[in-house]
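Asks: Dropping the structure in here first, questions after.
The numbers here are math on the coordinates, done by the rules we state, and not lab data. Keep in mind that what you see is a predicted model, and the values were worked out from it rather than measured. Don't worry about glycine lacking a Cβ; one is built from the backbone with ideal geometry, like all the others, and counts go over all protein chains shown.
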Amino acid sequence: MMDHTTAASRVLKLRKEIDRYRYQYHVLNALEISEAALDALKHELYTLEQQYPDLITPDSPTQRVAGEAASGFVKVTHAVRMLSIEDAFSFDEVEAWRDRLQKLRPRDVFDFYADPKMDGLAMSLLYRDGRFIRGATRGDGRVGEDVTQNLRTIEAIPMQLRIPSDQEVAGFLKRFHGACDESLVRRLFRSSIGELEVRGEAYMTKAQLVRLNTILKKRGEPELANPRNAAAGTIRQLDARIAAERKLSFMAYGLIGDYGLQTMEQRYAALALLGFPVNPIGRRCESLGVVKAVFEDLGKRREKLAYWIDGLVLSVNDLALQESLGVVGKTPRAMVAWKFPAEQGTTIVRDIVVSVGRTGALTPVAVMDPVKLVGTTVTHATLHNEDEIRRLGVKIGDTVIVEKAGDVIPKIIRVLPGMRTGKEKPFRMPTRCPICGSPVSRKEGEVATVCTNRSCFAQELARLLHFVSRPALDIRGLGDKIMEQLIQEGLVREEADLYALIPDDLIGLEGFADVSAKKLVDEIQAHRHPPLGRFLNALGIRHVGEETAADLATRFGTFASLRSATKEELMAVEGVGEIVADSLVTFFHDRRESDRLNRLLEVVTPQRAEKKIGKLEGTTWVFTGSLTSLSREEAKERVRAMGADVSETVSKKTTYVVVGDDPGSKAEKAQKLGVEILTEADFLKKVQ
């Protein structure tokens, strides 16, 4: 807590900055920071004024207007896959999405349905003969979990489908006269025979979260961070009484099957007549210009809504056109989620500390006053390197804007120099390692500052953790804390020491008893004969990642052949340039690394790698996004086993790009280069 003098000075600075930004926003219509960041400054001012009421003045911005600021579940296979939606973060990206659709259907006229993107949990509701019989989570899109009992506690979900009155049916048919199959629509509203699936979002209102946290606090139980986490935790409660107490809500958006409806607008109207709440803000938009107006209006109303939303879902209104546009990976082409800007806040950098990685690189990290972003409390943000600190101009004591988009690591995006008091201190990269005290160096042309002591504890820990990691030797059970104990107790200094461990060495360490000690030792011993590619990746050679290691293993076959290769022989391998070749030669000729490697090879024998000959020989594959039926590592191993090469980058030499859920920029690059794109289903057909 600030003392009175410091608080008085900061209050004056805050008022000056807020008034400057207020002028930009209301008069110039050119706010240079986000509204979220401005709100954070206002909130800080309000908080300080509450702590020191004597600092409140009539001209303070706070005084303008008074007001209030399961493993226990049965698996369910979805009859129709529950798809994810492509994200867009600007109107330009939304226009680009529309343009792609227009190219596919140049003769069609597009209109859209816009619906707020609820921040909850996607659900599938199944009705049989009009009665609610099963509710399931989305899961991986194909297989979810049966959470029927918990969904029954949600009053917004009808247990029995509503039968609309004759007048309501007539009104629906009059409204959409000539634009739907009246016979099928009447049957939908009049007959409950058969199965009907509805999809929608289970969510918790903001007010309910406040009430629930009040109850939890009184009980001494942990409070819930945000409505989405609260909804997810509630749905997966094994005791339905807990779900009932938490009082979730529901809004529908999907009706699976052909019921004579021809547009999204009709679908939403039909869902409402069947007894399901639909978002009243949702509407048909004749053009993207209307969509933009709806989005901007929604952004202004967002904070006043009773529930959390994180954007606007846009769908091609015509259902037949939707269907014809198809699916890319697990994303329907006819839908896009236009997201609100990443949440931002302001805070103060109290210190900049330095961490050390496995390659010895020093990474500066900002230690900040706690700031809530996207429902989480943020106190640290990486500053990457000395050049990034210089680019931002950040000093210790600065007020900064911090951004966190979804699950992305928080980052400082801007310094507010107008908030400086003159007491801020510049940061200088240490000349010695903060862990071991050894000198650091920075090579010309590189951004990384590196500890010169290869025996540095931080480097040894990071190196050993990389050795046992999933893409490397995949030795399970050796996490950060256990590895730290092993190093601190003197049981492990390098990779070879892991294989000398016996159960008696572990018994007595925190978290270990007879059974757990034997289990870990057995797990380590089971990895004495790793595939050559994994072994090479596990060594942590600079610039040699998973794909490069696999390519080198395939080319040289044995570790001995690779170890004795010349720089020219290494550069002859696809994807290996001069930098990687130099790094390999340096590693293998380094006396200390060579001794360490020899000790490791006494206890570990890498398997010989042979070039697989199969129907995919001569092809190069790139994978992006997550797959549902197997992991990306398994997919890569499968095509390699059939003679293919795998790459991390898309180029003209790439044969196929396999696109899974939430793909990155590789899919877009493949489109530009004309590389064939495969869905997961396409991929599975080719490798069967």
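Asks: If N is the number of residues in segment 532-601, what value comes out of its Cα radius of gyration divided by 2.2 N^0.38 Å? Provide the component values of the computation, followed by the final result.
Replies: Working: Rg = 10.9 Å, N = 70, 2.2 N^0.38 = 11.1 Å.
For segment 532-601, the normalised Cα radius of gyration comes out at 0.98.
Asks: Under the rule that a partner needs its Cβ under 4.7 Å from the first Cβ, which Cys of the chain have none?
Replies: Cysteines of the chain left without a disulfide-compatible partner: Cys180, Cys285.
Asks: Straight-line reach only, C-alpha to C-alpha below 19 angstrom: list the aspartates and glutamates that Lys685 could link to, leaving out same-chain residues fewer than 8 apart.
Replies: Of all the aspartates and glutamates, those that pass the test against Lys685 - Cα under 19 Å, at least 8 places apart if same chain - are Glu617, Glu633, Glu634, Glu637, Asp645, Asp661, Glu676.
Asks: Continuing with the same structure: Per q in 0.19, 0.24 Å⁻¹, report the Debye log10 I(q)/I(0) for segment 176-218, using one uniform scatterer on each alpha carbon and no solvent.
Replies: Calculated log10 I(q)/I(0) at the listed q: -0.72, -0.90.
Asks: In nm, give the distance between the simple-model label positions of Ser191 and Asp590, each being 7 Å from the Cα along the Cα-to-Cβ direction.
Replies: Calculated label separation equals 7.5 nm.
Asks: Still on this structure: To the nearest 0.05, what FRET efficiency results for Lys103 and Lys653 with a Förster distance of 22 Å applied to their C-beta separation? List each step's numbers first, then the result.
Replies: On the way: r = 26 Å, r/R0 = 1.19.
Efficiency for this residue pair is about 0.25.
Asks: With both partners inside segment 80-339, how many of the DSSP beta bridges are antiparallel, as a percent to the nearest 5? Working shown, then result.
Replies: Values: 40 of 43 bridges.
Of all bridge pairs located within segment 80-339, approximately 95 percent are antiparallel.
Asks: Something else: If you put +1 on each Lys and Arg Cβ and -1 on each Asp and Glu Cβ, how big is the dipole of the chain around its Cα centre, in Debye rounded to 20? Walk me through the numbers before you get to the answer.
Replies: Values: 99 positive and 97 negative charges, 158 e Å.
Using only the charged Cβ atoms, the result is roughly 760 debye.
Asks: Please report, in cubic angstrom per residue, the volume enclosed by the convex hull of the alpha-carbon atoms of segment 459-501.
Replies: Given the Cα convex hull of segment 459-501, per-residue volume reads 64 Å³.
Asks: Provide the FRET efficiency to the nearest 0.05 for the Glu221-Gln149 pair, computing r from the beta carbons and using R0 = 22 Å.
Replies: Details: r = 22 Å, r/R0 = 0.99.
Calculated value: 0.50.
Asks: State, to one decimal in nm, how far the label point of Asp54 lies from the label point of Tyr499, with both points 7 Å from Cα in the Cβ direction.
Replies: 7.3
Asks: Also, I was wondering about something else. Dipole of segment 526-599, Cα-centred, from +1 at each Lys and Arg C-beta and -1 at each Asp and Glu C-beta, to the nearest 20 debye?
Replies: Working: 10 positive and 11 negative charges, 100 e Å.
Here segment 526-599 has a charge dipole of around 480 debye.
Asks: Let me ask something else. In 10 Å bins starting at 0, how do the alpha-carbon pair distances of segment 188-327 split up by percent?
Replies: Histogramming segment 188-327 at 10 Å steps yields 10, 31, 31, 21, 7, 0 percent.
Asks: Shifting gears a bit: For the chain, what is the calculated [θ] at 222 nm in deg cm²/dmol (nearest 500), taking -39500 (n - 2.57) for each run of four or more DSSP H residues and dividing by its residue count? Let's see the in-between values first.
Replies: On the way: 27 runs with 260 residues, N = 688.
Helix-only estimate at 222 nm: -11000 deg cm²/dmol.
Asks: If packing is taken as the mean number of other Cβ atoms within 10 Å per residue, what is the order of 136-147, 84-95, 348-359, highest first? Write out the running numbers ahead of the final one.
Replies: Details: 136-147: 19.3, 84-95: 15.7, 348-359: 17.2.
Per-residue Cβ counts within 10 Å, averaged per peptide and sorted highest first, yield 136-147, 348-359, 84-95.
Asks: Would you list, by chain and number, the lysines whose Cα falls below 27 Å from the Cα of Lys292, excluding same-chain residues fewer than 8 positions away?
Replies: In chain and number order, the partners are Lys103, Lys117, Lys206, Lys300, Lys304, Lys330, Lys339, Lys404.
Asks: For Asp3 and Val210, what is the calculated FRET efficiency with R₀ set at 25 Å and r taken between the beta-carbons, to the nearest 0.05? All intermediate terms of the calculation are to be shown ahead of the outcome.
Replies: Working: r = 32 Å, r/R0 = 1.28.
The calculated FRET efficiency here is 0.20.
Asks: Pulled fully out, how much extra length does the chain show between Ala681 and Glu634, if you take 0.36 nm times their separation in residues and subtract their Cα-Cα distance? Please list the in-between numbers first.
Replies: Details: separation 47, 0.36 × 47 = 16.92 nm, distance 1.51 nm.
Difference between extended and current length: 15.4 nm.
Asks: Here is a further query. What does the convex hull of the alpha-carbon atoms of the chain project to on average, in nm²?
Replies: Working: hull surface 149.0 nm².
For the Cα atoms of the chain, the hull's average projected area reads 37.3 nm².
Asks: What distance in nm lies between label points placed 7 Å from Cα along the C-beta direction at Asp480 and Val515?
Replies: 2.8
Asks: Place a label point 7 angstrom from the Cα of Val290 along the Cα-to-Cβ direction, then list the residues of segment 78-117 whose backbone nitrogen is under 11 Å away.
Replies: Once the point is set 7 Å along Cα→Cβ of Val290, 111-114 turn out to lie under 11 Å by backbone N, inside segment 78-117.
Asks: In addition: Suppose every Lys and Arg Cβ carries +1 and every Asp and Glu Cβ carries -1, with no other charges. What dipole size does segment 140-284 come out with about its Cα centre, to the nearest 20 debye?
Replies: Values: 22 positive and 17 negative charges, 115 e Å.
So the dipole magnitude of segment 140-284 works out to roughly 560 debye.
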